[in-house]
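**Student:** Okay, here's the structure, questions in a sec.
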Amino acid sequence: MALAGAATLVGALTEPLIPALLQALLDKGFSAGAVPLWMVPAALLGLFGLRGLAGFVAQYALSYTAATGMVHMRRHMFERLQCAHMGLFRQHSASSLSNTLVYEVQTGSSMLVGAFLTLTRDSLTLLALLGYLFYLNWKLTLIVMVVFPALVAVMRILSKRLYRLTQSSQKATDALAYVVEENVLAHRLIRLHGAQAEQAQRFEGLSQSLRRLALKSTIASAAMTPLTQMLAAAALSAVIATALWQSGSSEVTVGSFVSFVTAMLMLIAPIKHLAEIAGPITRGVAALERGLALLSEDTEPAGGSHAPGRARGHLRLKGVEVRYGQSARPALSGIDLDIEPGEVVALVGPSGSGKTTLVNVLPRFVELSAGSVWLDGKPLAEWRTDALRAQFAMVSQDVIMLNDTLAANVALGSAMDGKRVLQALASANLSDLVERLPQGIDSVVGHNAADLSGGQRQRLAIARAIYKDAPILILDEATSALDNESERLVQDALTRLMAGRTTIVIAHRLSTIEHANRLVVLADGQILEQGSHTELLAAGGLYARLHRQPHTTPITTPAGNAPVAGQ
């Protein structure tokens, strides 16, 4: 920054030398022998060479600084994203967050680099030329300076409007990106239902809205240049008229008048640039503000200092209540549950009964509104967050894979051990897959392992859980939507995975959890009943009703919930 400032100052100070050289030529240069012939081209070449070098150094130094700063800012933003409060991901779409982190910072940085260079260079040039004008003729210079208050007023009014339009454009861009994201993720659903025309119309509407905002921004930005030029033309007219009047009293020589007019005309370019700079600065600041807003987001609770290594897996919930936002109805209420080490507990109930919320409470993905949860006799708040989450492995219906190698996906977050990776894959019934892949465990699986079948992806998630070797296992509908053969392979892998671990199972197909040590039945965020499969059937409550219903028959909970299919 210091180098850029120094180079910019050198470049600005060379500006008044051009009209000064012109004055010397007009007043003395055309007299015989007054100026050596070689001196004029030498002076011009040296002057413009110095200006070019100063401009290059200033631009490179400033770009280097900005690029380095952008890397630092992106790093901090990504780190904040990694530890942000879970509410952030409910409030913002993935496309909005990625747009902020990748594109907004890039756009803001690029615009501000150019704007800062222009602001520094042209401000110093303006001051240098005004100083020279004062030196030549202070009376004429005062006429020029009358323009500046009007110029500032115009720039202020248009800049405020441009800032508001930029913020609106950012929101419209996010909305447009979200439509694209939704259509990419749901491309099968949209084609199956023939909704392409409807989605195209939705996209077109948002595109037109963004177009209108872009045109309004262009009007606000482009209006600055003609207004600035009109003000400059008015000042120039007044100066020429005054100079012609002064020439009658011999106060102005031809050389000084031409030099003054030249210096004044040279003022138009920096004034024009400074007038136009409001647009890039406004857009750049608005873009970087989104990045700064992300940096100011709350982080998830840091937790305590308890980090004992491997836990036994004893979980206890007492009076647990969870509310999302300002919701009047809690997602969980009055949950009391004691799960012994190595016990297999299945959570059963209609959709919306609180099963997923309950399991998300355990690794502190969801914070409690009331009550407490203990692991091995220690409240979760006293556990260090990373040590707490090291105790859990999860296999869910929605399998997420990174665009990395098979081995990297299995050993995610842990030290890589090829032998252990192969063992985990074998335990998950994936040895045949490894043999078919061209580079074995070093093969890249692609975007969310889309080329693998549903059963293979599910078993890959199980291999990841086996590799992590956590004492507590959460299975969230891990065998849902699989064919019989895939389900058999997955269930076989799950049986090996569950051995010796505290396991919490969420399943809609009741046949898959009949052999659990205990079934916990939830409805409306509360525990209605719990016991073994045989005990609950004999009790004749909600579980017995769920068990009697055909798989596709809608049911209604005793609290009057809306029917939910597939229970």
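The values are calculated or read from the model by the stated rules, or taken from the named source; none is laboratory data. This is a predicted model, so every value here is computed, not measured. When we count neighbours, we look across all protein chains shown, and the Cβ atoms used for this are built from the backbone with ideal geometry, even at glycine. Please note that ligands, DNA and RNA were not included when accessible areas were found on the heavy atoms of the full protein model with its side chains. Shrake-Rupley method; radii C 1.70, N 1.55, O 1.52, S 1.80 Å.
**Student:** Counting only residues that are in contact with a strand residue (DSSP E or B) (Cβ under 7 Å, 6 or more places away or on another chain) and closer than 29 Å to Leu542 by Cα, give me the helices (runs of 4 or more DSSP H) lying completely in segment 316-411 with at least 2 of them.
**Tutor:** Hits in segment 316-411: 355-361.
**Student:** Can you tell which of Asn409, Asn403, Asn360 is closer than 30 Å to Gly454 by Cα and touching a His at 6+ places or on another chain (Cβ under 8 Å)?
**Tutor:** Matching residue, one of Asn409, Asn403, Asn360: Asn403.
**Student:** Now, a different point. Can you tell me which residues in segment 75-102 are hydrophobic (A, V, I, L, M, F, W, C) and open to solvent by less than 70 Å² (accessible area, probe 1.4 Å)?
**Tutor:** Met77, Leu81, Cys83, Ala84, Met86, Leu88, Ala94, Leu97, Leu101, Val102
**Student:** Among what's in segment 508-527 and is open to solvent by less than 10 Å² (accessible area, probe 1.4 Å) and touching a strand residue (DSSP E or B) at 6+ places or on another chain (Cβ under 8 Å), pick the residue that is nearest to Gly541 (Cα to Cα).
**Tutor:** Checked segment 508-527; the qualifying residue nearest to Gly541 (Cα to Cα) is Val521.
**Student:** So, one more: What residue, among those in segment 310-341 that are open to solvent by 40 Å² or more (accessible area, probe 1.4 Å) and of a type in the set (Gly, Ala, Ser), is farthest from Phe392 (Cα to Cα)?
**Tutor:** Ala328
So that you can scan it fast, the table gives a plain yes or no per residue for (1) modelled with pLDDT of 85 or more; (2) open to solvent by 80 Å² or more (accessible area, probe 1.4 Å):
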position	(1), (2)
Leu17	no, yes
Gly29	no, no
Ala32	no, yes
Trp38	no, yes
Ala43	no, no
Val57	yes, no
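For every residue, the table says whether it meets (1) in contact with a Gly (Cβ under 8 Å, 6 or more places away or on another chain); (2) under 30 Å from Leu244 (Cα atoms); (3) of a type in the set (A, V, I, L, M, F, W, C).
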position: Gly69; (1), (2), (3): no, no, no
position: Cys83; (1), (2), (3): no, no, yes
position: Leu88; (1), (2), (3): no, no, yes
position: Leu97; (1), (2), (3): no, no, yes
position: Asn137; (1), (2), (3): no, yes, no
position: Leu142; (1), (2), (3): no, yes, yes
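**Student:** Within segment 322-341, can you find the residues that are of a type outside the set (Val, Ile, Thr), touching a Leu at 6+ places or on another chain (Cβ under 8 Å) and farther than 15 Å from Ile472 by Cα? Lay out the reasoning, then the answer.
**Tutor:** Looking only at segment 322-341, we keep the residues that are of a type outside the set (Val, Ile, Thr), and these are 323-334, 336-338, 340-341.
Still in the running and touching a Leu at 6+ places or on another chain (Cβ under 8 Å): 332, 336-338.
Matches in segment 322-341: Leu332, Asp336, Leu337.
**Student:** Separate question: I'd like to know if segment 441-455 contains one or more residues that are touching a strand residue (DSSP E or B) at 6+ places or on another chain (Cβ under 7 Å), within 26 Å of Ala311 (Cα to Cα) and open to solvent by 70 Å² or more (accessible area, probe 1.4 Å).
**Tutor:** no
**Student:** Next question. Residue under question is Leu473, and the condition is that it be open to solvent by less than 40 Å² (accessible area, probe 1.4 Å) and either of a type in the set (D, E, K, R) or under 30 Å from the mean Cα position of the chain (by Cα) (or both); does it hold?
**Tutor:** The answer is no for Leu473.
**Student:** Could you please let me know if Leu130 is more than 30 Å from Leu295 (Cα to Cα) and open to solvent by less than 30 Å² (accessible area, probe 1.4 Å)?
**Tutor:** Yes, satisfied.
**Student:** Among the residues of segment 520-540, are any farther than 26 Å from Gly349 by Cβ and in contact with a Lys or Arg (Cβ under 7 Å, 6 or more places away or on another chain)?
**Tutor:** So far as segment 520-540 goes, no, none of its residues is farther than 26 Å from Gly349 by Cβ and in contact with a Lys or Arg (Cβ under 7 Å, 6 or more places away or on another chain).
**Student:** Looking only at residues that are among the hydrophobic types (A, V, I, L, M, F, W, C) and open to solvent by 20 Å² or more (accessible area, probe 1.4 Å) in segment 528-549, which one is modelled with the highest pLDDT?
**Tutor:** Leu528
**Student:** Would you be able to say whether some residue in segment 134-143 is among the β-branched types (Val, Ile, Thr), under 30 Å from Thr262 (Cβ atoms) and open to solvent by less than 30 Å² (accessible area, probe 1.4 Å)?
**Tutor:** yes
**Student:** Within segment 144-157, can you find the residues that are under 24 Å from Arg283 (Cβ atoms) and either open to solvent by less than 30 Å² (accessible area, probe 1.4 Å) or basic (Lys, Arg) (or both)?
**Tutor:** Leu151, Arg156
**Student:** Based on this model, can you work out whether Ala175 counts as touching a helix residue (DSSP H, G or I) at 6+ places or on another chain (Cβ under 6 Å) and farther than 24 Å from Ala450 by Cβ? If you could, list the steps in order and put the result at the bottom.
**Tutor:** Working: touching a helix residue (DSSP H, G or I) at 6+ places or on another chain (Cβ under 6 Å): yes; farther than 24 Å from Ala450 by Cβ: yes.
The answer is yes for Ala175.
**Student:** If you check every pair at least six apart or on different chains, which have Cβ atoms under 6 Å apart with a residue in segment 305-324 that is farther than 17 Å from Asp386 by Cα first and a residue that is open to solvent by less than 10 Å² (accessible area, probe 1.4 Å) and β-branched (Val, Ile, Thr) second?
**Tutor:** Matching pairs, first to second residue: Leu315/Ile339; Leu317/Ile335; Leu317/Val373; Val320/Ile335.
**Student:** While we're looking at this one, here's another question. Only one of Leu185, Leu210, Leu236 is modelled with pLDDT under 75, closer than 30 Å to Asn448 by Cβ and aliphatic (A, V, I, L, M); which?
**Tutor:** Leu185
**Student:** Something else: Restricting to segment 342-361, and then to whatever is under 21 Å from Leu473 (Cα atoms) and within 31 Å of the chain's Cα centre (by Cα), can you tell me which residue is most open to solvent (accessible area, probe 1.4 Å)?
**Tutor:** It comes out as Thr356.
**Student:** Separate question: Take segment 430-440 and flag every residue that is open to solvent by less than 40 Å² (accessible area, probe 1.4 Å) and either among the hydrophobic types (A, V, I, L, M, F, W, C) or modelled with pLDDT under 85 (or both). Show your work before the answer.
**Tutor:** The first filter runs over segment 430-440 and keeps only residues open to solvent by less than 40 Å² (accessible area, probe 1.4 Å), leaving 430, 433-434, 440.
Listed by number, the residues that qualify are Leu430, Leu433, Val434.
**Student:** Got a number for residues in segment 369-391 being under 32 Å from the mean Cα position of the chain (by Cα) and open to solvent by less than 60 Å² (accessible area, probe 1.4 Å)?
**Tutor:** Quick first cut of segment 369-391, residues under 32 Å from the mean Cα position of the chain (by Cα) only: 369-370, 380-391.
From what's left, open to solvent by less than 60 Å² (accessible area, probe 1.4 Å): 370, 380, 383, 385, 387-391.
Count: 9.
**Student:** So which residues in segment 418-429 are surrounded by 15 or more Cβ atoms within 10 Å (Cβ to Cβ), part of a helix (DSSP H, G or I) and within 36 Å of the chain's Cα centre (by Cα), if there are any at all?
**Tutor:** Those that are surrounded by 15 or more Cβ atoms within 10 Å (Cβ to Cβ), part of a helix (DSSP H, G or I) and within 36 Å of the chain's Cα centre (by Cα): Arg420, Val421, Leu422, Ala424, Leu425.
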